[in-house]
1. What number of residues in the stretch 34-54 are in contact (Cβ under 8 Å) with a residue 60 or more places away in the chain, touching a strand residue (DSSP E or B) at 6+ places or on another chain (Cβ under 6 Å) and farther than 22 Å from H212 by Cβ?
2. With respect to L6, is the statement that it is under 19 Å from the mean Cα position of the chain (by Cα), assigned by TED's automatic domain parsing to the domain that holds C246, part of a helix (DSSP H, G or I) and at pLDDT below 95 true?
3. So how many residues does the stretch 61-78 have that are of a type outside the set (A, V, I, L, M, F, W, C), touching a residue at least 40 places away in the same chain (Cβ under 8 Å) and assigned to a loop (DSSP other than H, G, I, E, B)?
4. Can you give me the number of residues within the stretch 335-371 that are surrounded by fewer than 18 Cβ atoms within 10 Å (Cβ to Cβ), acidic (D, E) and part of a loop (DSSP other than H, G, I, E, B)?
5. Considering each residue of the stretch 45-94, count those that are within 23 Å of L170 (Cα to Cα), touching a Gly at 6+ places or on another chain (Cβ under 8 Å) and of a type in the set (D, E), and give that number.
6. Would you be able to say whether some residue in the stretch 229-236 is in the same structural domain as R60 (by TED's automatic domain parsing), out of contact with any Lys or Arg (no Cβ under 9 Å at 6 or more places or on another chain) and under 22 Å from G139 (Cβ atoms)?
7. Can you find a residue that is loosely packed, with under 13 Cβ neighbours inside 10 Å and in a loop (DSSP other than H, G, I, E, B) anywhere in the stretch 299-313?
8. Applying the selection to the stretch 182-194, what residues are at pLDDT 95 or above and of a type in the set (A, V, I, L, M)?
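The values are calculated or read from the model by the stated rules, or taken from the named source; none is laboratory data. These figures come from a predicted structure and were not determined experimentally. Cβ atoms come from the backbone with ideal geometry, glycine included; neighbour counts cover every protein chain shown.
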Amino acid sequence: MGRSLLLLGVLCFHFALSSTARGQPSYTRDLTIWPNARSCRNSDPWIAKNHDRIRRMEPRVLVLDFANGPTMEIVRRKTAKLIAALAEGSRYHGYKDPKAPAFLCYKVFKFVDLRDPVPPKGRERKNSSFYPRRRGKRGPNCDYSAFFSPRFTALYGVKDPRNPKRLLSLEEMIHRGFVHELWFWCYHDEEGAPLETIEDKQYYTAKFRPIHGRHGPAGNGHSRTLPWVGRSFRVSFFNVRRGIGCGMENLSHAMEGMAHNNFCPYYRRYFYEYADFDLDKKYGLPFKSFYAAPRVNGWKVRFLSPTSFQYHWKGGIKTLKGYCAAAGNVHFPPGAKSDYDLISNIPVLSTIEHYRLHDGKDGRDKAELWKMERFYRYRKTAPDCMGQWLVYWRQNMPGYKNPCKDDKGRPMKNWWVFLFY
């Protein structure tokens with residue numbers, strides 16, 4: 001499995017390089033694949049209108065490397081592995097259906113080496129002088145506006161196919177559909193760090209219509225330095241000291257951020273249900289999710305049985321009975337006792353593999369005993385952070401050709417398409 005996943009990532013990578021070498025990306029005439037000859041830009045109204053028609057998305061990503069020390073080959077390999085893991089995670093119920101197609105197939109538009117040619121003394125293993133650092137800023141310290149500046153236009157070196165004597169800015173590449181996301185690799189060091197993912201996104205009505213003049217945050221945190229360019233755009237940071245699983249965690253937090261910021265009521269409604277962000281409404285708990293539960297003595301939740309657990313509140317320990325996990329979230333797989341728990345393996349009742357299938361008693365989602373060992377097959381695919389869990393978690397989201405039904409009994413929308421609304 002691991003070798004085939006890496007091959008998928010490498011194929012995506014080489015496809016993009018060949019199209020870029022010709023001067024501009026090529027667009028397929030197959031309108032079931034996006035981008036295509038009719039629609040190639042983020043938040044294009046065509047995407048929402050043809051949401052159910054799309055069978056694969058091949059977004060192009062501009063990849064920057066600011067990390068002095070590691071070779072570009074290391075960054076290329078990590079990027080290819082991340083692309084492959086994201087593709088695997090977009091295979092609906094892929095853990096039991098070997099024929100399930102990958103829906104997300106990212107392609108590298110271009111790698112840009114932004115390491116110092118000769119690192120200054122003391123910066124041999126730190127971020128280069130090209131990293132857009134906000135001086136004197138504690139905590140998140142990236143100036144996202146710099147990516148859109150003339151200085152970075154020159155560093156990208158992407159010629160305008162219409163006029164080869166000039167270079168395209170990032171904003172122009174976005175508007176022409178050349179680039180759909182920006183990823184960058186750097187160190188998370190004592191000088192601060194970028195946010196994991198950040199996006200300024202077009203907002204939509206409950207009927208998937210863009211709201212004129214309404215846009216805003218949709219990432220895991222936000223910075224006012226990210227300019228609005230008239231289209232949704234996501235920028236993601238990956239720690240070069242870490243691996244693919246941590247990259248998966250960053251991008252999965254972005255999906256939580258899309259829901260928290262309510263860019264689209266439909267997406268928020270069902271994502272909150274899936275990711276157990278409605279515990280207050282469903283069970284009357286004093287918190288919406290386990291993220292907000294107090295942690296005392298190393299645990300937030302202590303399961304007493306598959307359907308009951310204890311939690312801390314106002315200095316005491318309380319018990320909830322009759323619990324059934326939906327699908328959990330980035331930090332909390334079903335049965336987790338605290339953030340990042342991948343080893344408790346306590347059997348709990350969960351509907352994760354039956355979300356919105358209505359295949360249980362009285363038309364409800366089937367609940368069954370579930371243990372963390374179900375996602376251990378992905379330990380090699382995304383071995384660090386929450387990666388192994390997140391590949392499996394994402395495979396259970398309503399994806400391409402899912403048979404799920406919404407509240408009105410209609411086919412559930414493929415959630416991956418929302419990434420580029």
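1. Of the residues in that region, 2 qualify.
2. yes
3. Qualifying residue count, the stretch 61-78: 3.
4. Residues that pass the stated criteria total 2.
5. 0
6. Checking the stretch 229-236: at least one residue is in the same structural domain as R60 (by TED's automatic domain parsing), out of contact with any Lys or Arg (no Cβ under 9 Å at 6 or more places or on another chain) and under 22 Å from G139 (Cβ atoms).
7. The answer is no; no qualifying residue exists.
8. Matches in the stretch 182-194: L182 only.
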